[in-house]
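One structure is given below, encoded as structure tokens.
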Amino acid sequence: MHDRTRAAASPALTEAIGQSDAFLAFQEALSRVARVDRPVLLAGERGTGKELAAARLHYLSPRWQGPLVVLDCAALAPTLAEA
């Protein structure tokens, strides 16, 4: 895969866009949560933009200069997820 294609497909380099009241309220909530130095679990249906929300949380947080580690919990074995 060409480097430019890989960068364009990266969730960390993609931004969600929208103008609805619900979308803007969600973006504001993400901005508030990003200030908290605690782990955050994003849950939702497939295709709802959880990785985009995670990227926004990361880049608005005090840890934005560190790596963004995305973990797909659905890919984990149930016993490992419980641990």
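The tail of the calculated P(r) for the stretch 42-83, taken as Cα-Cα distances beyond 17 Å, holds 43 percent of the pairs. Packing around the peptides 20-33, 62-75, taken as the average count of other Cβ atoms within 10 Å per residue, puts them in this order, highest first: 20-33, 62-75.
Each reported figure results from applying straightforward, stated rules to the coordinates on display, with no laboratory input. Worth saying up front: this structure is predicted, and the values here are computed from it rather than measured. FYI the Cβ positions are ideal-geometry reconstructions off the backbone, even for glycines, and counts take in every protein chain you see.
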